[in-house]
Amino acid sequence: MGDIEIRVARRKRMDGIFAILGLVSTFVGMLTLAALMVDLAMDGSARLTQTFFTSFPSRFPDQAGILSAWVGTTLVMLVTAATAVPLGVAAGVYLEEYAPSNWITALIEINIANLAGVPSIVYGLMALGLFVYQFRLGQSILSAGLTLALLILPIVIVATRESVRAVPGTMREAAYALGATKWQTVKDHVLPYSTGGILTGVIIALSRAIGETAPLITIGALTFIAFLPGPPLKAEFPFVSFEWLMSPFTVMPIQMFNWTSRPQHAFHLNAAAAGLVLMVMTLIMNGIAIYLRYRFRKRIRW
Amino acid sequence: MELQQGLEIPKIKMPQVVAAKEPVEKGAAETTRPIIEVRDLDVYYGAAQALKSVSFEIPEKKATALIGPSGCGKTTLLRSLNRMNDLIQNVRTMGSVKLDGEDIYAPSTDVINLRRRVGMIFQKWNPFPKSIYENVVYGLRIVGINNRSHLDGTVEKSLKRAALWDEVKDNLHKSASDLSGGQQQRLCIARALAVEPEVLLMDEPCSALDPISTAKIEELIHELKESFTIVIVTHNMQQAARVSDYTAFFYLGELIEFGETSKIFTAPDKRQTEDYITGRFG
């Protein structure tokens, strides 16, 4: 009797110990993020004025702003999303729904897993050779967007596969039993029911891409840009312009990198302010991901 | 149970169902014409043989029950009748299954078309997470029928045939997941009926339902077999006795005995059948 009571007490103690360990582990992550935010805010919050967002870089720290950087980041992300989402979703759906399970599929799967682990600088080197020189796309927004698209492609593929796999097989059976083709089953059921998960994965991937610096420096992003890319809309026919795709660019992390490498302390404050803006951009994207997941989960009940 | 049935049946028996019924062209005298002929059917999952040289004929516009203990191959057989087994990897099928005299395993068979002729109801009801209306019309939409009045007509007809119309007619655009389990299963039946199949396969359609819902679906089977051929897999021998005209008893992948339900349940030829029916194993 006594022996059993001791064992029960020991098991309960283990339970309590793990609960505390888990809490501490959670706080390590939370505190790091909080400390980072507070540190950046203390340094940079004074610089967060309206002119900071509407000014080009300058050699005078108090006049310098992040206009070209946040516009550049936004445009590069647009190209990245427009490229990585269709490619990644199509590849993910193919691998889950269509691919026969043979050695070729296995090889592709191993490759995608490896691709996710390739250092981003290697993507930069590849993009420099392929997009910048081979395809002559230049040191442009297009090159940068494509580079980051390749970088996040494996993440989008994996997220798509996970969400597609989460759609119950009974839904597919129901559609097939009514005489639906594979594509109809995918288009009418598998994709709509997995949209929430796919979107979440896409946004998580984009929020990784938004902070990437190394591959963009490799393909030749500028650090000092005092002009904006051409406008996407024009007054005359055909009203849209894709000139901006070929424009040179800078992005937020590169602007920060540039400012931190300057000797004047005032530029370091600018870097902190830009860092804060970048963090907030990322947090907003993650917030959208959480909201979308909630929305789609609520809408679809099995 | 008896009492509940007594309460429920008046609601289920609806004149509309009879009205929706199609005229029997082939003549009432020829009622035992086989619609499906299974010949020497072997099905393997990888190296494991699930069905061993099964041969029998399923009569048209009758309810045929497939019974037997778990793992006996009854579901495998059911799923080989509309080639749902194709969706599972490493399944090999040999022998032939003829629907109206045509081998459905012939290379020329269009599986998409086959599945429209042989509908299926699953053990766990699986309506799409869409509205009741969209569930019923899905089989029509995928062949490009989007004519509103045609779809409306099909929804009403199918839901009436599935004895669900009166319960949902005011909420056709409500989500199917708001319905009770029994209603969802009848919605799945309506969805299958909307494409006008010749054969309806039912894979333990009541095994997860309460007795009242089960009674409704059993009553429905009685109505439906006037217009459709029904093949039902069931674990429940009493259910097989209640709803079916013919019964096939499977054991370990083999068809032990096939015959009229009344005979199988009262005077089976084989010892194994009798042992199973009387509950000596299973």
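Condition check: outside any loop (DSSP other than H, G, I, E, B) and under 30 Å from B:Tyr138 (Cβ atoms). Does A:Ile217 satisfy that? Considered against the rule, which asks whether it is outside any loop (DSSP other than H, G, I, E, B) and under 30 Å from B:Tyr138 (Cβ atoms), A:Ile217 comes out as no. When the residues of segment B:82-100 are narrowed to those that are in contact (Cβ under 8 Å) with a residue 60 or more places away in the chain and within 12 Å of B:Arg39 (Cα to Cα), which ends up nearest to the other protein chains (Cβ to nearest Cβ)? Going through the qualifying residues, I end up with B:Leu99.
Residues in segment A:38-82 that are polar (S, T, N, Q) and in a helix (DSSP H, G or I): 8 in all. Residues that are surrounded by 13 or more Cβ atoms within 10 Å (Cβ to Cβ) and hydroxyl-bearing (Ser, Thr, Tyr) within segment B:148-179 comprise B:Thr154, B:Ser158, B:Ser175, B:Ser177, listed in sequence order.
Here B:Val231 fulfils each of the conditions (1) among the β-branched types (Val, Ile, Thr); (2) away from chain A (no Cβ under 14 Å); (3) part of a strand (DSSP E or B) apart from (2). Does segment B:99-108 contain any residue that is over 22 Å from the mean Cα position of the chain (by Cα), outside any strand (DSSP E or B), of a type in the set (A, V, I, L, M) and over 29 Å from A:Leu191 (Cβ atoms)? So far as segment B:99-108 goes, yes, one or more of its residues are over 22 Å from the mean Cα position of the chain (by Cα), outside any strand (DSSP E or B), of a type in the set (A, V, I, L, M) and over 29 Å from A:Leu191 (Cβ atoms). Residues that are farther than 25 Å from B:Glu260 by Cα and of a type outside the set (A, V, I, L, M) were ranked within segment B:24-57; the one that is modelled with the lowest pLDDT is B:Gly46. In segment B:114-150, the qualifying residues are those that are in a helix (DSSP H, G or I) and over 11 Å from B:Val195 (Cα atoms), and the one that is farthest from the other protein chains (Cβ to nearest Cβ) is B:Ser149. The residues listed here are B:Ala163, B:Ala106; of these, the one that is touching a helix residue (DSSP H, G or I) at 6+ places or on another chain (Cβ under 8 Å), more than 14 Å from chain A (Cβ to nearest Cβ) and of a type in the set (Gly, Ala, Ser) is B:Ala163.
Screening A:Leu222 with (1) buried (at least 16 other Cβ atoms within 10 Å of the Cβ); (2) in a helix (DSSP H, G or I) gives one miss only, at (2). Is it true that A:Ala82 is modelled with pLDDT of 85 or more and surrounded by fewer than 15 Cβ atoms within 10 Å (Cβ to Cβ)? The answer is yes for A:Ala82.
Only one entry in A:Ala209, A:Ala214, A:Ala226, A:Ala221 is at negative phi and at pLDDT 90 or above, namely A:Ala209. Looking only at segment A:160-206, residues that are free of Cβ contacts under 8 Å to residues at least 12 places away in the same chain, in a loop (DSSP other than H, G, I, E, B) and crowded, with 21+ Cβ neighbours inside 10 Å come to 3 in all. Only one of the numbered conditions (1) closer than 25 Å to A:Ala113 by Cβ; (2) within 14 Å of chain B (Cβ to nearest Cβ); (3) touching a residue at least 60 places away in the same chain (Cβ under 8 Å) is not met by A:Ile157, and that is (2). Just so you know, in segment B:223-282 the residues that are more than 17 Å from B:Ile121 (Cα to Cα) and touching a Leu at 6+ places or on another chain (Cβ under 6 Å) include one that is surrounded by the most Cβ atoms within 10 Å (Cβ to Cβ), and it is B:Ala248.
Taken as a whole, segment B:217-233 holds no residue that is in contact (Cβ under 8 Å) with a residue 12 or more places away in the chain and within 20 Å of B:Arg280 (Cβ to Cβ).
Residue check, A:Thr185 against (1) hydroxyl-bearing (Ser, Thr, Tyr); (2) over 21 Å from the mean Cα position of the chain (by Cα); (3) farther than 19 Å from B:Pro129 by Cα, all met but one. Which one? Result: A:Thr185 passes all but (3).
Being under 30 Å from B:Leu114 (Cβ atoms) and more than 14 Å from every other protein chain (Cβ to nearest Cβ) is a description that applies to A:Arg165.
Residues in segment B:166-191 that are within 14 Å of another protein chain (Cβ to nearest Cβ), assigned to a helix (DSSP H, G or I) and of a type in the set (A, V, I, L, M, F, W, C): B:Ala176, B:Leu187, B:Cys188, B:Ile189, B:Ala190. Total residues in segment B:63-81 satisfying the condition of being polar (S, T, N, Q), under 18 Å from the mean Cα position of the chain (by Cα) and more than 14 Å from every other protein chain (Cβ to nearest Cβ): the figure is 2. Screening segment B:192-215 for residues that are buried (at least 24 other Cβ atoms within 10 Å of the Cβ) and in a helix (DSSP H, G or I) and picking the one that is farthest from the other protein chains (Cβ to nearest Cβ) gives B:Leu193.
Only one of A:Glu162, A:Glu173 is in the same structural domain as A:Met246 (by TED's automatic domain parsing), in contact with a strand residue (DSSP E or B) (Cβ under 9 Å, 6 or more places away or on another chain) and at pLDDT 90 or above; which? Answer to the check: A:Glu173. Considering segment A:228-278, and only residues there that are among the small types (Gly, Ala, Ser) and farther than 25 Å from A:Val132 by Cβ, the residue that is surrounded by the fewest Cβ atoms within 10 Å (Cβ to Cβ) turns out to be A:Ala235.
The values are calculated or read from the model by the stated rules, or taken from the named source; none is laboratory data. These figures come from a predicted structure and were not determined experimentally. For neighbour counting, all protein chains shown are included, and Cβ atoms are generated from backbone atoms with ideal geometry for every residue, glycine included.
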